[in-house]
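**Student:** What follows is a single structure, and I will ask about it in a moment.
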Amino acid sequence: MIKEAIILAGGLGTRLRSVISELPKCMAPVAGKPFLAYVIRHLEKEGIKNFIFSVGYKNEIIVDFINAQFSKLNSQFSIEEEPLGTGGAVKLACAKTAEETTLVVNGDTLFSIKIKQLAELHDLCDADCTLNLKLMQNFDRYGVVELNEDHSIRNFKEKKHYKEGLINGGVYALNSGRFLKEVLPVKFSFEKDYLEKYFDKRKMYGVVQNEYFIDIGIPQDYERVQQELANKE
């Protein structure tokens, strides 16, 4: 069972400036509380005990929030002195992990997956990285991930309009020890420079879960999530 999670919470929220002003993206208020609170609550419900918050931009806002509102959480902070990209942020945070397998999630995305299902496939395949995928229809914001019959990654396809396809939900089971041994630059994209570059050279798999998914990266979805999460509450 996966008990530890890295939450990538360093996003600038550039596209949300008109609605959230100067806050880090994961701290955007949703139905009366920061979006990050919903991410933490879901992970706790799924059995995560140890949290590593990867922070950068205005990190003191996130640190103060966690210390005040989640004071009993077993938490650590991995602080970027300068933007390292998603890959650099994950690698820096992995240095603080205590488990062989760590969950990696985005602090601006809520994907209400069953972690047990992700962990089972990851362990069965002795994977380096297992992606949680979501089936979507009529979209152009995301690329598509194709799987082989054994659930290994066949291909990543670029962003364009798709009638239907599996998207990368931004939730990963990662073998942190192996990842730390990868020869990668200090600043890099986890998606482009690790997943898409090494999927056919490493043991990478995908599991499909059609659970609730929202990415608050654009104003339209940020407005939509207000009502959806208020209703879920």
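The values are calculated or read from the model by the stated rules, or taken from the named source; none is laboratory data. For clarity, every value in this text was computed on a predicted model and none was experimentally measured. Please note: Cβ atoms are built from the backbone with ideal geometry, for glycine as well, and neighbour counts cover all protein chains shown. Areas reflect the complete protein model, heavy atoms only, side chains present, ligands, DNA and RNA absent. Shrake-Rupley method; radii C 1.70, N 1.55, O 1.52, S 1.80 Å.
**Student:** Please go through the range 129-149 and give me each residue that is touching a residue at least 12 places away in the same chain (Cβ under 8 Å) and either part of a loop (DSSP other than H, G, I, E, B) or of a type in the set (Asp, Glu) (or both), ordered by number.
**Tutor:** ASP140, ARG141, TYR142, GLY143, GLU146, listed by residue number.
**Student:** Which one is least open to solvent (accessible area, probe 1.4 Å), of the residues in the range 188-233 that are of a type in the set (Gly, Ala, Ser) and either at positive phi or outside any strand (DSSP E or B) (or both)?
**Tutor:** If we filter the range 188-233 for residues that are of a type in the set (Gly, Ala, Ser), which is where we start, we get 189, 206, 217, 230.
Cutting the leftovers down to either at positive phi or outside any strand (DSSP E or B) (or both) gives us 189, 217, 230.
Values: SER189: 30, GLY217: 3, ALA230: 47 Å².
Here the residue is GLY217.
**Student:** Only one of (1) under 20 Å from GLU99 (Cα atoms); (2) at pLDDT below 95; (3) open to solvent by less than 10 Å² (accessible area, probe 1.4 Å) fails for VAL30. Which number is that?
**Tutor:** (1)
**Student:** Let me confirm something: among SER54, SER78, which residue is touching a residue at least 60 places away in the same chain (Cβ under 8 Å), hydroxyl-bearing (Ser, Thr, Tyr) and either open to solvent by less than 20 Å² (accessible area, probe 1.4 Å) or at positive phi (or both)? Outline the logic, then answer.
**Tutor:** Values: SER54 fails: touching a residue at least 60 places away in the same chain (Cβ under 8 Å).
Matching residue, one of SER54, SER78: SER78.
**Student:** For the range 85-117, how many residues are under 21 Å from VAL207 (Cα atoms), outside any helix (DSSP H, G or I) and among the basic types (Lys, Arg)?
**Tutor:** Of the residues in that region, 1 qualify.
**Student:** Taking the range 162-187 as the search range and keeping residues that are assigned to a helix (DSSP H, G or I) and not basic (Lys, Arg), which one is most open to solvent (accessible area, probe 1.4 Å)?
**Tutor:** Taking the range 162-187 and keeping what is assigned to a helix (DSSP H, G or I), we get 176-181.
Retained after the next criterion (residues that are not basic (Lys, Arg)): 176-177, 179-180.
Numbers: SER176: 4, GLY177: 36, PHE179: 2, LEU180: 70 Å².
My answer is LEU180.
**Student:** Is there a residue being in contact with a helix residue (DSSP H, G or I) (Cβ under 9 Å, 6 or more places away or on another chain), farther than 30 Å from ALA31 by Cα and in contact (Cβ under 8 Å) with a residue 40 or more places away in the chain anywhere in the range 157-175?
**Tutor:** Looking through the range 157-175, at least one residue is in contact with a helix residue (DSSP H, G or I) (Cβ under 9 Å, 6 or more places away or on another chain), farther than 30 Å from ALA31 by Cα and in contact (Cβ under 8 Å) with a residue 40 or more places away in the chain.
**Student:** What's the number of the only condition in (1) part of a loop (DSSP other than H, G, I, E, B); (2) without any contact (Cβ under 8 Å) to a residue 12 or more places away in the chain; (3) surrounded by 15 or more Cβ atoms within 10 Å (Cβ to Cβ) that GLU120 fails to meet?
**Tutor:** Exception for GLU120: condition (1).
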